[in-house]
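As structure tokens, the structure follows; a few thoughts come after it.
The values are calculated or read from the model by the stated rules, or taken from the named source; none is laboratory data. Everything numeric in this text was worked out from a predicted model, so none of it was measured. All Cβ positions, glycine included, derive from the backbone under ideal geometry; neighbour counts span all protein chains shown.
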Amino acid sequence: MKITRNFRFAIFLIQITSLSIISSCSKEEKPVDPKPEPPVVELSKIYNPSTDNVVISHEFRAAWLTTAWGLDWPQSYTGATAQRDLLISLIDRLKGMNINVIFFQVRCSSDAFYKSSISPWSSYLTGKQGDDPGFDPLQVAIEEAHKRGMELHAWMNPYRVGSDTQYYAPGHPALLHPDWYVVFDKARYWNPGLPEVRAHLKSVVKEVIDNYAVDGIHFDDYFYPDGAKNTSDIYKFNDKTTFEKYGNGLTLDKWRETNVDELIKGVSETIKAVRPKLIFGISPSGRIENSLALYANSITWLSNGWIDYLAPQIYWEIGHSTADFDRLVRFWDSNSYGKPIFPGIAAYKFGDALYPAYSSTTQFLNQVTLSRSLPNIKGNCWYRTLNILGGTLSSYITSSLYPSLSVVPKMGTATFTVPQAPVISVSGTSVSWNAVANSNKYAVYELRRRGTSTTWDALARQIDTKTNFDGQALKNYLVIALNEREKSASSNIAYIQ
């Protein structure tokens, strides 16, 4: 009897377990109704003016074309034909990357890459200072840049004279005026405290803007030499006599800073008096502390409106422990005093094992993206030309950072008549528009929708004097008229069927 009860209980447990298993299995195998897929919404290819908006960005994209030591040009090329051909090739390749401004170094150390009655021909052209290279590099650079719709700014170093042992061509200002310079660390520098030096440097600038159709004058980051601000030897840069004569009760440091200020102010006034439309800009160190060590206070220049833009050389990566690109670019954005800021980017560090942050193109993407996100940052400058021509970086800039053309943003103090907006029409795939008074060029933009949003980015496809453009089917286009640095409102937007 006991065995029978246990047997029956066991059978009961088996039945219960089986039911549980069956029940469990049936739950797992029960099909789950899939969530219905959201209906696919086909985005219209046609811009809708009642719901959509267009973003047109104008960006300053400059490259420093360095002639000191022949770095970018003329390199080791000799002879007028070879040097001229190389210069044109470099300009053409920069155009192919959608660079729109060239800083062409025309004065390295009180020399000239142009015909001058003040400064001798540079030794980097022929190997000997003062020898005629057989052509005019600045004139060639201007003509070739303008043919391609690019601006050409004459890049000058104001104070450097050269080594104290080098050859100086007959008639060099240093030979004519040995009392104008100071020897510092075996090199000669014009003494910024002398009124005669400031007058001389203004005449150097005036000669260029009188004789050449440059679009701007550009000073680099060399002012008083590095080390002149020396606490242990305040007259290591030996301008004691000049200070005693012209100090006017200022401290030595304040007097030296004022000397640089007076030069910048004087050059600015000279430029605006002779050619009011010309642009004057400077590229100091990206750290204000470094710049002040050279007695160059760019905040003073910006706040007084003596310069039209600032291009601080922020040659460090985002996240750098003491010179973080992010922190520095935000500093200049907040201290622009209404002037556009064009941060300099260290292309020369790309792929160099000494700078692991620049081992890939990501650093450049992040720097340009950050620059574009800030209201007073209107573009970037690349140091230097050969570092962005050819290879991985060149391809990346062209395909990812500058895949389309760009109009140079408005800057400077000159005013221009705002042209009327063109009216465009479409015939087949041809876009055409009416010629507009007070306009010398037209920029044609193709619209590209930003993701699935109602925002469209305008990508410049042509900047020319033409009044027609060969477009593509299923694309939207608009046109703006350009008058020097002024721009019209956008035209109507046309869609090609």
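When each of 439, 425 is tested for being touching a strand residue (DSSP E or B) at 6+ places or on another chain (Cβ under 8 Å), among the small types (Gly, Ala, Ser), surrounded by 15 or more Cβ atoms within 10 Å (Cβ to Cβ) and more than 21 Å from residue 95 (Cα to Cα), the lone residue that passes is 439. Considering only the range 314-323, I want to know if a residue exists there that is in the same structural domain as residue 374 (by TED's automatic domain parsing), under 19 Å from residue 223 (Cα atoms) and in contact with a strand residue (DSSP E or B) (Cβ under 9 Å, 6 or more places away or on another chain). Yes; the residues of the range 314-323 include at least one that is in the same structural domain as residue 374 (by TED's automatic domain parsing), under 19 Å from residue 223 (Cα atoms) and in contact with a strand residue (DSSP E or B) (Cβ under 9 Å, 6 or more places away or on another chain). Checking the range 442-462 against the condition returns a match, with at least one residue being surrounded by 15 or more Cβ atoms within 10 Å (Cβ to Cβ), touching a residue at least 40 places away in the same chain (Cβ under 8 Å) and over 29 Å from residue 365 (Cβ atoms). Checked against (1) surrounded by 18 or more Cβ atoms within 10 Å (Cβ to Cβ); (2) over 30 Å from residue 363 (Cβ atoms), residue 285 passes all but condition (2). Within the range 329-357, the set of residues being under 23 Å from residue 396 (Cβ atoms) and within 18 Å of the chain's Cα centre (by Cα) comprises 329, 342, 343, 344, 345, 346, 347, 348, 349, 350.
Please find, within the range 395-415, the residue that is farthest from residue 55 (Cα to Cα) out of those that are of a type in the set (Gly, Ala, Ser) and surrounded by 18 or more Cβ atoms within 10 Å (Cβ to Cβ). So that I can check it myself, show each step before the final result.
Looking only at the range 395-415, we keep the residues that are of a type in the set (Gly, Ala, Ser), and these are 395, 399-400, 404, 406, 412, 414.
Those still in the list that are surrounded by 18 or more Cβ atoms within 10 Å (Cβ to Cβ) too: 406, 412.
Numbers: 406: 13, 412: 23 Å.
Among those residues, the one meeting the criterion is 412.
Residues in the range 86-96 include at least one that is among the hydrophobic types (A, V, I, L, M, F, W, C) and surrounded by fewer than 20 Cβ atoms within 10 Å (Cβ to Cβ). Sub-7 Å Cβ pairs linking a first residue in the range 394-415 that is closer than 24 Å to residue 482 by Cα to a second residue that is small (Gly, Ala, Ser), at least 6 apart or interchain, are 404/460; 405/460; 406/460; 407/443; 407/460; 409/379, ordered by first then second residue. Looking at the range 291-336, which of the residues that are among the acidic types (Asp, Glu), in contact with a Phe, Trp or Tyr (Cβ under 8 Å, 6 or more places away or on another chain) and in contact (Cβ under 8 Å) with a residue 12 or more places away in the chain is surrounded by the fewest Cβ atoms within 10 Å (Cβ to Cβ)? Among those that are among the acidic types (Asp, Glu), in contact with a Phe, Trp or Tyr (Cβ under 8 Å, 6 or more places away or on another chain) and in contact (Cβ under 8 Å) with a residue 12 or more places away in the chain, it is 317.
The condition of being small (Gly, Ala, Ser), under 23 Å from the mean Cα position of the chain (by Cα) and not in a loop (DSSP other than H, G, I, E, B) holds for residue 268.
Go through the residues of the range 60-79 one by one and say whether even a single one is at negative phi, touching a Cys at 6+ places or on another chain (Cβ under 8 Å), of a type in the set (S, T, N, Q) and crowded, with 16+ Cβ neighbours inside 10 Å. Yes, some residue in the range 60-79 is at negative phi, touching a Cys at 6+ places or on another chain (Cβ under 8 Å), of a type in the set (S, T, N, Q) and crowded, with 16+ Cβ neighbours inside 10 Å.
Which members of the range 360-376 meet the condition of being part of a helix (DSSP H, G or I) and surrounded by fewer than 20 Cβ atoms within 10 Å (Cβ to Cβ)?
In the first step, residues of the range 360-376 are kept if they are part of a helix (DSSP H, G or I); the result is 362-373.
Result: 362, 365, 366, 369, 370, 372, 373.
Specify which of the listed residues (357, 353) is of a type in the set (A, V, I, L, M, F, W, C), surrounded by fewer than 21 Cβ atoms within 10 Å (Cβ to Cβ) and assigned to a loop (DSSP other than H, G, I, E, B). Going through 357, 353 in turn, the sole match is 353. Of everything in the range 186-228 that is β-branched (Val, Ile, Thr) and not in a loop (DSSP other than H, G, I, E, B), the residue that is surrounded by the most Cβ atoms within 10 Å (Cβ to Cβ) is 217.
Going by what's in this entry, would residue 274 be described as buried (at least 22 other Cβ atoms within 10 Å of the Cβ), of a type outside the set (Lys, Arg) and in contact (Cβ under 8 Å) with a residue 40 or more places away in the chain? Against the criterion (buried (at least 22 other Cβ atoms within 10 Å of the Cβ), of a type outside the set (Lys, Arg) and in contact (Cβ under 8 Å) with a residue 40 or more places away in the chain), residue 274 does not qualify.
Restricting to the range 117-132, name every residue that is of a type outside the set (A, V, I, L, M, F, W, C) and closer than 19 Å to residue 214 by Cβ.
First pass over the range 117-132, keeping only residues of a type outside the set (A, V, I, L, M, F, W, C): 117, 119-120, 122-124, 126-132.
Matches in the range 117-132: 117, 119, 122.
Within the range 428-461, being closer than 26 Å to residue 42 by Cα and among the hydroxyl-bearing types (Ser, Thr, Tyr) holds for 429, 445, 452, 453, 454, 455.
For residue 232, state whether it is over 23 Å from residue 263 (Cβ atoms), among the hydroxyl-bearing types (Ser, Thr, Tyr) and out of contact with any strand residue (DSSP E or B) (no Cβ under 6 Å at 6 or more places or on another chain).
Values: over 23 Å from residue 263 (Cβ atoms): yes; among the hydroxyl-bearing types (Ser, Thr, Tyr): yes; out of contact with any strand residue (DSSP E or B) (no Cβ under 6 Å at 6 or more places or on another chain): yes.
Answer is yes for this residue.
For the range 103-151, filtered to residues that are touching a Leu at 6+ places or on another chain (Cβ under 8 Å) and in a strand (DSSP E or B), the residue that is surrounded by the fewest Cβ atoms within 10 Å (Cβ to Cβ) is 105. In this structure, does residue 37 turn out to be of a type in the set (D, E, K, R), outside any helix (DSSP H, G or I), farther than 30 Å from residue 381 by Cβ and modelled with pLDDT under 95? Yes; evaluated as a whole, the condition is true for this residue. For residue 477, state whether it is modelled with pLDDT of 95 or more, among the aromatic types (Phe, Trp, Tyr), crowded, with 16+ Cβ neighbours inside 10 Å and farther than 24 Å from residue 44 by Cβ. Judged against the criteria, residue 477 is not a match.
Selection over the range 205-255 of residues that are out of contact with any Lys or Arg (no Cβ under 7 Å at 6 or more places or on another chain), under 23 Å from residue 66 (Cα atoms) and of a type in the set (A, V, I, L, M) gives a count of 5.
Being in a loop (DSSP other than H, G, I, E, B) and surrounded by 16 or more Cβ atoms within 10 Å (Cβ to Cβ) is the filter here; which residues of the range 377-394 pass it? I'd like the intermediate steps shown before the answer.
Kept after step one, since they are in a loop (DSSP other than H, G, I, E, B), are these residues of the range 377-394: 378, 384, 389-390.
Listed by number, the residues that qualify are 378, 384, 389.
Out of 280, 331, report the one residue that is aromatic (Phe, Trp, Tyr) and under 23 Å from residue 384 (Cβ atoms).
Numbers: 331 fails: under 23 Å from residue 384 (Cβ atoms).
280 is the lone residue from the list that is aromatic (Phe, Trp, Tyr) and under 23 Å from residue 384 (Cβ atoms).
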